[in-house]
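Just below is one structure, and these are the notes that go with it.
The values are calculated or read from the model by the stated rules, or taken from the named source; none is laboratory data. A quick note: this is a predicted structure, and the numbers were derived from the prediction, not measured. In this analysis, Cβ positions are derived from the backbone assuming ideal geometry, glycine residues included, and neighbour counts consider all displayed protein chains.
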Amino acid sequence: MSIHKTSNDWYTVAAISLMAMCLVTFDHEALGHGGMCLASGGHIRLLTSSMFRCDIRSMWIAPAGPFGNLLGGTLALLFVPFVPRRSTNVRLFLILVAGFAFFWEAGYLIIEMHRRDGDLYFAAQDFLGEPSLWWRITGAVAGVGLYVFSAGWASRALSDLWPDAAVARRVARIAWVTATIGAILAAAVYSGEGWAGLRDAALEIGAGAFPWLLIPRQSRVQEESVTPVRIERSRTIVSLSLIVFAVFVVTLGRGVRF
């Protein structure tokens, strides 16, 4: 068995991860919370990359954000096997979307059950009444389970592209660093609420997605030689990511109301 080395263009990897972060954040805040607020007949009073408020109370608004992420992440996960390995940029984008979405919700489920605060805790209150200790423990265990599943899947997905664990880990870490910095910079543009929005952005994309720093742990071993793919330099993708991020900053980063 032999594993070939590869050299990726890290600017393009970073650009792909930046767009994945923007999409995952949009799915949670705008599509999820914002869409349900409008569908319920309300008006959006605040919509940023990490904060949301609606002018009406509805039991469906709080869980709509996590549902938006889980839906987007699940669709990305299901599409990955249908994307040829040679379409590496698209495949990596889908892997990152699924990973960031699932890691976000797994981490928040654990934290929210501990703090008795947040989207999923409020949803549990609305549907079940004040969650008992056992409900909270069950929620936290579900969060751990989602972490384990997501980390295992993401590790295998990256290893399918880069059998050498060192190369795959570097892709994952470049993606995590870029997405975390991008999320924090976007949140910093919003001038209200002090440090709350910046803190939430750092938790959602950064701390919540810590498994990207740990996977994959081992090189993929096969009986036959495995040829890794390569992320080529793409000025188109880099330029597109800067445009997408600029739009993201001036809308969700700055905050919108309607």
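All told, Leu78 falls short of being part of a strand (DSSP E or B) and surrounded by fewer than 23 Cβ atoms within 10 Å (Cβ to Cβ).
Residue-level check: of (1) without any contact (Cβ under 8 Å) to a residue 40 or more places away in the chain; (2) within 17 Å of Val97 (Cβ to Cβ), Leu133 misses just (2).
The single condition from (1) in a helix (DSSP H, G or I); (2) farther than 26 Å from Thr178 by Cα; (3) not basic (Lys, Arg) that Gly42 fails is (1).
Residues of the stretch 175-189 include none that is touching a Ser or Thr at 6+ places or on another chain (Cβ under 8 Å), surrounded by fewer than 21 Cβ atoms within 10 Å (Cβ to Cβ), at pLDDT below 95 and assigned to a helix (DSSP H, G or I). Considering (1) among the hydrophobic types (A, V, I, L, M, F, W, C); (2) surrounded by 22 or more Cβ atoms within 10 Å (Cβ to Cβ); (3) in contact with an Asp or Glu (Cβ under 6 Å, 6 or more places away or on another chain), the lone condition that Cys22 does not fulfil carries the number (3).
Return yes or no: is His43 farther than 30 Å from Val171 by Cα and crowded, with 21+ Cβ neighbours inside 10 Å?
So His43 fails the test.
Yes or no, residue by residue, for (1) without any contact (Cβ under 8 Å) to a residue 24 or more places away in the chain; (2) more than 21 Å from the chain's Cα centre (by Cα); (3) assigned to a helix (DSSP H, G or I):
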site	(1), (2), (3)
Cys22	no, no, yes
Cys37	no, yes, yes
Gly73	no, no, yes
Pro84	yes, yes, no
